[in-house]
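The values are calculated or read from the model by the stated rules, or taken from the named source; none is laboratory data. This is a predicted model, so every value here is computed, not measured. Counting neighbours? That spans all protein chains shown, and the Cβs are built from the backbone with ideal geometry, glycine included.
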Amino acid sequence: MPELTLHQTVFALVTSLLALFFVLELVRRRRLREEYSWLWLLTAGAMVVLAVWYRLLVAITHVVGAVTPLNTLLLCAVLFLFTIAVHYSVIISRLTTQVKNLAQELALLSAQMEERRD
Amino acid sequence: MKTLVLIPAFNEAARVGRVVAGVRAAVPDVTILVVDDGSSDETADIARAAGVRVVRLPFNLGAGVAAQTGYKLAIRESFDCVVQLDADGQHEPADIPLLLNVIAWGEADVAIGSRFLGGGAYRPGGLRRAGMELFRWLAWLLTGVRFSDVTSGFRAFSGDVVRFVATEWYPTDYADADVLITLRRAGFRLREVPVRMYPRAGGRSMHGGLRPIYYVFKMLLSVGLAPLRREPAVRKGA
């Protein structure tokens, strides 16, 4: 399989570094909590590694039996999006339970307060 | 036996008053609690005016959550028994003592009011009937118990069961066949009691629109997973 040209490597590296710094910047400004950032950082990190180490992508392509490195990238992208969507569903489920418990607690406590007042 | 009659209600201003009056007439010396599931009408005010205790959820959370709020109150105030019935008048309050007796005499830990054992007027038809048959059959397959009515919301729980259903696994949307299966698997004794049920007198059913499809999907999933789930920490006698 052909190597990447310098042009391609630079472009891939710059793009993936931008992605990495974008996520880090969100965490730095506390717009993204650390606990929800790890999946994004992992992905951005992997993008950087693959940009500078094209042979790794080629090797993975052989391992999974894909025809071109592009297929491997596409597969990774789909898997990543699937993972992050499920990750969010898990978080939403947890939040739903917490909201439910808080609402129940609030309802019970305010009923108790009203009964005391009367 | 310190008994709580629990009536979860969502937008039932037109019917909850009559249900409360019926419960009073049937069991005069029990505590009655209406859990208002974030209604947009006067359900809570009417219940308060009727002189029963009211807990009002800040927003609509579903019938399962409303019922569980009542269970949590029952635990905090150490009630020995909770009887639950719908606020829409489908369940006959005069039959409450039938359920209570089962718990009081220790014949079972869960008493389920069945519309099919007795002489009630309510006979659902078509798809609803088919759905009930399906879950009846699944419940029988998974527990070995032949329930006649697995979608009944008219039931009584002993104190042990209340502590059990106040935990995190209790479903927040629909809670029918899967609850029976889980309770059975946790070692509780379930007993069906013939009760009267009536068709809804107006108002909107919980099962309108596309919701029956979701109901079947949810119930199949949770019934199917019930045997695979780790049993909750609180068990019978714990």
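Inspect all residues belonging to region A:99-112 and state whether any of them is away from chain B (no Cβ under 13 Å) and among the β-branched types (V, I, T). Can you show your working first?
Going residue by residue through region A:99-112, those that are away from chain B (no Cβ under 13 Å) are none.
Checked region A:99-112: no residue is away from chain B (no Cβ under 13 Å) and among the β-branched types (V, I, T).
Out of A:A51, A:A77, A:A107, which single residue is at pLDDT 90 or above, among the small types (G, A, S) and at negative phi?
Exactly one of A:A51, A:A77, A:A107 is at pLDDT 90 or above, among the small types (G, A, S) and at negative phi, namely A:A107.
Please work out if A:T43 is modelled with pLDDT of 90 or more and either crowded, with 16+ Cβ neighbours inside 10 Å or within 21 Å of A:L17 (Cβ to Cβ) (or both). Please lay out each step first, then the result.
Numbers: modelled with pLDDT of 90 or more: no; either crowded, with 16+ Cβ neighbours inside 10 Å or within 21 Å of A:L17 (Cβ to Cβ) (or both): yes.
It is false that A:T43 is modelled with pLDDT of 90 or more and either crowded, with 16+ Cβ neighbours inside 10 Å or within 21 Å of A:L17 (Cβ to Cβ) (or both).
Checking the structure you have, find out if any residue of region B:46-63 is among the hydrophobic types (A, V, I, L, M, F, W, C), under 20 Å from B:S152 (Cβ atoms) and in a strand (DSSP E or B).
Step one: list which residues in region B:46-63 are among the hydrophobic types (A, V, I, L, M, F, W, C), which gives B:46-47, B:49-50, B:52, B:54-55, B:57, B:59, B:61, B:63.
Filter again for under 20 Å from B:S152 (Cβ atoms), leaving B:63.
Filter once more, so that each one left must be in a strand (DSSP E or B): none.
No, region B:46-63 contains no residue that is among the hydrophobic types (A, V, I, L, M, F, W, C), under 20 Å from B:S152 (Cβ atoms) and in a strand (DSSP E or B).
Exactly one condition in (1) touching a strand residue (DSSP E or B) at 6+ places or on another chain (Cβ under 8 Å); (2) loosely packed, with under 12 Cβ neighbours inside 10 Å is not met by A:R116; state its number.
(1)
Please determine, by comparing only the residues of region A:82-98 that are within 14 Å of another protein chain (Cβ to nearest Cβ) and surrounded by 11 or more Cβ atoms within 10 Å (Cβ to Cβ), which one is farthest from the chain's Cα centre (by Cα). Can you show your working first?
As a first pass, look at region A:82-98 and keep what is within 14 Å of another protein chain (Cβ to nearest Cβ): A:92-98.
Now narrow it down to the ones that are surrounded by 11 or more Cβ atoms within 10 Å (Cβ to Cβ): A:96-97.
On the way: A:T96: 21, A:T97: 23 Å.
Applying the filter and picking the extreme gives A:T97.
Hey, does region B:52-73 have a residue that's among the small types (G, A, S) and more than 14 Å from every other protein chain (Cβ to nearest Cβ)? Don't jump to the end; show me each part of the working.
To start, the set of residues in region B:52-73 that are among the small types (G, A, S) comprises B:62-64, B:66-67, B:70.
Now drop any that are not more than 14 Å from every other protein chain (Cβ to nearest Cβ), which leaves none.
No: region B:52-73 contains no residue that is among the small types (G, A, S) and more than 14 Å from every other protein chain (Cβ to nearest Cβ).
Being under 17 Å from the mean Cα position of the chain (by Cα), surrounded by fewer than 24 Cβ atoms within 10 Å (Cβ to Cβ) and more than 14 Å from chain A (Cβ to nearest Cβ) narrows it down to one residue among B:D109, B:D86; which is it? Spell out the reasoning first.
Working: B:D109 fails: surrounded by fewer than 24 Cβ atoms within 10 Å (Cβ to Cβ).
Sole residue among the options that is under 17 Å from the mean Cα position of the chain (by Cα), surrounded by fewer than 24 Cβ atoms within 10 Å (Cβ to Cβ) and more than 14 Å from chain A (Cβ to nearest Cβ): B:D86.
From the list A:L74, A:L32, A:L79, A:L50, pick out the single residue that is without any contact (Cβ under 8 Å) to a residue 24 or more places away in the chain and surrounded by 15 or more Cβ atoms within 10 Å (Cβ to Cβ).
Working: A:L74 fails: surrounded by 15 or more Cβ atoms within 10 Å (Cβ to Cβ); A:L79 fails: surrounded by 15 or more Cβ atoms within 10 Å (Cβ to Cβ); A:L50 fails: without any contact (Cβ under 8 Å) to a residue 24 or more places away in the chain.
The conditions single out A:L32.
Output yes when any residue across region A:54-72 is assigned to a loop (DSSP other than H, G, I, E, B), of a type outside the set (A, V, I, L, M, F, W, C), more than 30 Å from B:G62 (Cβ to Cβ) and more than 18 Å from the chain's Cα centre (by Cα), and no when none is.
First pass over region A:54-72, keeping only residues assigned to a loop (DSSP other than H, G, I, E, B): A:65-68.
Next cut, of a type outside the set (A, V, I, L, M, F, W, C) only: A:65, A:68.
Next cut, more than 30 Å from B:G62 (Cβ to Cβ) only: A:65, A:68.
Going one step further and asking which of them are more than 18 Å from the chain's Cα centre (by Cα), we end up with A:65, A:68.
The answer is yes; a qualifying residue exists.
Scan (1) within 14 Å of chain B (Cβ to nearest Cβ); (2) out of contact with any strand residue (DSSP E or B) (no Cβ under 9 Å at 6 or more places or on another chain) for the single condition A:R55 breaks and write down its number.
(1)
Just checking, which of B:A130, B:A74, B:A121, B:A108 is closer than 27 Å to B:Y215 by Cα and either part of a loop (DSSP other than H, G, I, E, B) or modelled with pLDDT of 90 or more (or both)? It would help to see each step written out before you state the result.
Details: B:A130 fails: either part of a loop (DSSP other than H, G, I, E, B) or modelled with pLDDT of 90 or more (or both); B:A74 fails: closer than 27 Å to B:Y215 by Cα; B:A108 fails: closer than 27 Å to B:Y215 by Cα.
Just a single option satisfies the conditions, and that option is B:A121.
B:D178 - would you say it is within 14 Å of B:G64 (Cα to Cα), surrounded by 13 or more Cβ atoms within 10 Å (Cβ to Cβ), at pLDDT 75 or above and among the acidic types (D, E)? Walk me through how you get there before you give the answer.
Working: within 14 Å of B:G64 (Cα to Cα): yes; surrounded by 13 or more Cβ atoms within 10 Å (Cβ to Cβ): yes; at pLDDT 75 or above: yes; among the acidic types (D, E): yes.
In short, yes.
Do we have any residue at all in region B:48-63 that's within 15 Å of the chain's Cα centre (by Cα) and at pLDDT below 95? Step through it out loud before you land on a result.
First pass over region B:48-63, keeping only residues within 15 Å of the chain's Cα centre (by Cα): B:62-63.
Among the residues that remain, those that are also at pLDDT below 95 are: B:62-63.
Scanning region B:48-63, I find at least one residue that is within 15 Å of the chain's Cα centre (by Cα) and at pLDDT below 95, so the answer is yes.
Kindly establish whether B:A201 is loosely packed, with under 11 Cβ neighbours inside 10 Å and either modelled with pLDDT under 70 or within 19 Å of the chain's Cα centre (by Cα) (or both).
no
Would you be able to say whether some residue in region B:22-32 is assigned to a helix (DSSP H, G or I) and in contact with a Leu (Cβ under 8 Å, 6 or more places away or on another chain)?
So in region B:22-32, the residues assigned to a helix (DSSP H, G or I) come out as B:22-26.
Then keep just the ones that are in contact with a Leu (Cβ under 8 Å, 6 or more places away or on another chain); that gives B:23.
Yes; the residues of region B:22-32 include at least one that is assigned to a helix (DSSP H, G or I) and in contact with a Leu (Cβ under 8 Å, 6 or more places away or on another chain).
Quick one: how many residues across region A:1-29 are touching a residue at least 24 places away in the same chain (Cβ under 8 Å) and part of a helix (DSSP H, G or I)?
We begin by selecting, within region A:1-29, every residue touching a residue at least 24 places away in the same chain (Cβ under 8 Å); these are A:1, A:3-4, A:9, A:12-13, A:15-17, A:19-20.
Pick out the ones that are also part of a helix (DSSP H, G or I) and you get A:9, A:12-13, A:15-17, A:19-20.
Residues that pass the stated criteria total 8.
Whether any residue in region B:40-63 is under 16 Å from B:G153 (Cα atoms) and in contact (Cβ under 8 Å) with a residue 40 or more places away in the chain is what I want to check. Show your work before the answer.
Within region B:40-63, the subset under 16 Å from B:G153 (Cα atoms) is B:62-63.
Retained after the next criterion (residues that are in contact (Cβ under 8 Å) with a residue 40 or more places away in the chain): B:62-63.
Looking for residues that are under 16 Å from B:G153 (Cα atoms) and in contact (Cβ under 8 Å) with a residue 40 or more places away in the chain, one finds at least one in region B:40-63, hence yes.
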